[in-house]
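So the structure is just underneath, and the comments pick up after that.
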Amino acid sequence: MTDTTAAQQNPAETRTFQAEVSRLLDIVAHSLYSEKEIFLRELISNASDACDRLRYAALIEPSLAEGDANYRVVLTPVKSSRTLTIADNGIGMNRAELVENLGTIARSGTAAFINELTGDAKKDLSLIGQFGVGFYSAFMVADRVEVLSRKAGETEGWRWTSDGKGSFTVEMAANVPRGARITLHMREGDEEFLESHRLRRIVKTYSDHIALPIVLADGNKEETINAASALWTRPRSEITAEQYKEFYHHVGHALDEPWLTLHARAEGVLEYTYLLFVPAQKPFDLFDPERKSRLKLYVRRVFITDEGTDLLPAYLRFLRGIVDSEDLPLNISREMLQSNPMVARMRQQLTRRVLTELGKKAEEAPDEYAKFWDNFGAVLKEGLYEDREQSEVLLGLARFCSTTRDGLVSLDDYVAAMKPGQEAIYTITGDSLDLLRKSPQLEGFRAKGVEVLLLTDPIDEFWVPAIGTYKEKPFKSATRGAVDLDKIEAAADKPQAPDKPAPPAKLSSLIAIFKLALGDAVKDVRASARLTDSAVCLVADEGDLDMHLERLLKQHRQLDTTAKRILELNPHHRLIERLAGSVGEAGASDQLSDFAWLLLDQARIVEGEQLPDPLAFARRLATLLERGLPAPG
Ligand code: ADP
Ligand code: MG
């Protein structure tokens, strides 16, 4: 009776999936996913998370787990109905949560990521492979999925059903036990997943590390088919690389190989076990503005939280894994965690340990380390700006591209290769290595064989000035202030240029004319010491923002003014020589003023800057070209 009235008040409601979910489902259903079996890993992983969450909630409110605190996952294959059921007695979901969790994609970054999918099944699949499809992977093997769920502490149960084709239905259901029970109606051809031996093998492969019992209910037999103890509590010698990998996939929501695995027990003032992984691939949410670390905190095997644990600094947020403390109180609240001195201490120790291990890898396996650096160097460098305590260590870990070598170089490599007379570590910043390598400002450095570090991560603009020096050598931008390359001896293989010819006689007059013509458009015009091939370039004045940083800030609307630049002229360039030579000739001064503007605009273009007046540029250029043509007739 009550059931009927409840059903009348809550008629089944059909809703459409969020557009991103529909796209995902479409890809999942229509691609021949080579590892279909991973659907089971995903559903068991969710069941295990749900039990962990209830175990934690019941610490504070024991009545939530009343009646059934033996957390477990039960797999029931039934051949006659072609169904496989995955049931847990975890926290469950109420109506709103069913709609939200199984109809949308909540994980930050994921929705945006899915929007980037190309529609090319092959490419998309490998992309999706990088983050896993979670619950929706059920539709790889099932043409209909039913979820029966009741949330811990609530009385009403719900049924969610969908064929994965655009919509799902939610309705009230009677006599639903606490937790979630997911029934898969197997697709034709996927009957193998109803076979006990197959299920056993899949669980052994992907879910053996799950700390809860996974029970196979076959006919009237029930049997636990996994090891059911937390992986990190087992001795390292008994854990295979394969098991570590599967555990990493589970905690990290990842599908790649771990690049580095750190598993140890800290004993001393604080006792805790950690099992940490550095991914081999860049997670897609690496630059999520929240920059959260995703380590999971356990206290004596009980999962506490993976939010705001502060167990690692933001610049190590790419690590995945768990920390299991013996000392923290079980009922520690998430708020208390943030100010807990034990957590702060663990964070310090874990940070040191991770950096030490990275250092070892850099030393022992530079090629592998280069791959790591390519993925996470930009994140690690945030630490140079944020963690003064570790800056020496981080500077040792940093790697760079440079103008004189092919591979990555360390700052020690750089310092060792400095030329006699060279006092600074020269850098140039920009968006792309290719363009940087062609910068006119580097010509003089190249001529002398002086190495310049090429910096292309936005964070470089911040840590370099914050750090200032390495081994007492100041960092110096190749595009700002004056450079004194004359003091530096040329490399042995680059014979000292035969004494530079004297600058053209009327250079200073030319400079004066240019200054007059350009007026407020530049801060100064001067002869350059850094050019050998190009006629002109722009540089920032010593105290001003470097040009690339300024462009960066403008793009992000952090800045709306532009500092004036210095226009440098190459006194030994043919064009500049001829222009200087023409000073004082009849009718030259108007022409020279046009040249000043043309050369300034040219330098701006090379620098990648917008021309303030492109039309004027075009007009001057056309006039000049026309003048260069032989007279008609
Ligand atoms: P993820 O596990 O990465 O969050 P999923 O697609 O696997 O993504 O699951 C989506 C959400 O659905 C989960 O975050 C969880 O809130 C909810 N969920 C899935 N399965 C269960 C379950 N068995 N019990 C309770 N909640 C679940
Ligand atoms: Mg999941």
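The values are calculated or read from the model by the stated rules, or taken from the named source; none is laboratory data. Computed from a predicted model, the values in this text were never measured in an experiment. Please note: Cβ atoms are built from the backbone with ideal geometry, for glycine as well, and neighbour counts cover all protein chains shown. Surface areas here come from the heavy atoms of the whole protein model, side chains and all, with no ligands, DNA or RNA. Shrake-Rupley method; radii C 1.70, N 1.55, O 1.52, S 1.80 Å.
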Exercise. What number of residues within the stretch 311-339 satisfy the criterion of being buried (at least 19 other Cβ atoms within 10 Å of the Cβ) and farther than 18 Å from Y56 by Cα?
Worked result: 10
Seminar exercise, completed: Within the stretch 471-487, the residues that are open to solvent by 30 Å² or more (accessible area, probe 1.4 Å), over 33 Å from the mean Cα position of the chain (by Cα) and of a type outside the set (D, E, K, R) are A482
Exercise. Residues K419, K438, K360, K371: which one is more than 22 Å from E489 (Cα to Cα), surrounded by fewer than 20 Cβ atoms within 10 Å (Cβ to Cβ) and at pLDDT below 95?
Worked result: K438
Exercise. Can you find a residue in the stretch 92-106 that is farther than 29 Å from K292 by Cβ, at pLDDT 95 or above and within 12 Å of ligand 1 (Cβ to nearest atom)?
Worked result: no
Problem set entry | Hey, K165 under 21 Å from T76 (Cα atoms), modelled with pLDDT of 85 or more and surrounded by fewer than 18 Cβ atoms within 10 Å (Cβ to Cβ) or not | no
Exercise. Does the stretch 212-220 contain at least one residue that is outside any strand (DSSP E or B), in contact with a Cys (Cβ under 9 Å, 6 or more places away or on another chain) and not basic (K, R)?
Worked result: yes
Exercise. A512: more than 20 Å from T429 (Cα to Cα) and either aliphatic (A, V, I, L, M) or in a loop (DSSP other than H, G, I, E, B) (or both), yes or no?
Worked result: yes
Problem set entry | Verdict on K487 being closer than 23 Å to R526 by Cα and modelled with pLDDT under 90 | yes
For this session: Tell me, yes or no, whether the stretch 609-620 has at least one residue that is in contact (Cβ under 8 Å) with a residue 40 or more places away in the chain, open to solvent by less than 20 Å² (accessible area, probe 1.4 Å) and out of contact with any strand residue (DSSP E or B) (no Cβ under 6 Å at 6 or more places or on another chain).
Result: no
For this session: Of the numbered conditions (1) assigned to a loop (DSSP other than H, G, I, E, B); (2) under 24 Å from R446 (Cβ atoms); (3) among the aliphatic types (A, V, I, L, M), L599 fails exactly one; give the number of that condition.
Result: (1)
For this session: Tell me, please, whether a residue that is assigned to a strand (DSSP E or B), under 20 Å from E13 (Cα atoms), in contact with a Pro (Cβ under 8 Å, 6 or more places away or on another chain) and more than 14 Å from ligand 1 (Cβ to nearest atom) can be found in the stretch 149-156.
Result: no
Exercise. L295 passes all but one of (1) free of Cβ contacts under 8 Å to residues at least 60 places away in the same chain; (2) over 29 Å from L395 (Cα atoms); which number fails?
Worked result: (2)
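Sort out which residues of the stretch 558-580 are among the aliphatic types (A, V, I, L, M), closer than 23 Å to E542 by Cβ and surrounded by fewer than 20 Cβ atoms within 10 Å (Cβ to Cβ), and write them in order of number.
Within the stretch 558-580, L559, A563 meet the criteria.
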Problem set entry | Filter result for the condition that a residue is at pLDDT 95 or above, under 24 Å from K296 (Cβ atoms), open to solvent by 10 Å² or more (accessible area, probe 1.4 Å) and hydroxyl-bearing (S, T, Y), over Y206, Y244 | Y244
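Residue-by-condition table, conditions (1) open to solvent by 30 Å² or more (accessible area, probe 1.4 Å); (2) on the phi > 0 side of the Ramachandran plot; (3) in a strand (DSSP E or B); (4) among the acidic types (D, E):
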residue	(1), (2), (3), (4)
D143	yes, no, yes, yes
W160	no, no, yes, no
L184	no, no, yes, no
E188	yes, no, no, yes
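If only one of E100, E61 is free of Cβ contacts under 8 Å to residues at least 60 places away in the same chain and open to solvent by 60 Å² or more (accessible area, probe 1.4 Å), which one is it?
On inspection, the qualifying residue turns out to be E100.
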Seminar exercise, completed: Filter the stretch 441-461 for residues that are within 29 Å of the chain's Cα centre (by Cα) and aliphatic (A, V, I, L, M); the one that is most open to solvent (accessible area, probe 1.4 Å) is I459
Problem set entry | Single residue of S589, S528 found to be of a type in the set (G, A, S), modelled with pLDDT under 85 and not assigned by TED's automatic domain parsing to the domain that holds D484 | S589
Seminar exercise, completed: Within the stretch 439-483, residues being of a type in the set (K, R) and in contact (Cβ under 8 Å) with a residue 60 or more places away in the chain number 3
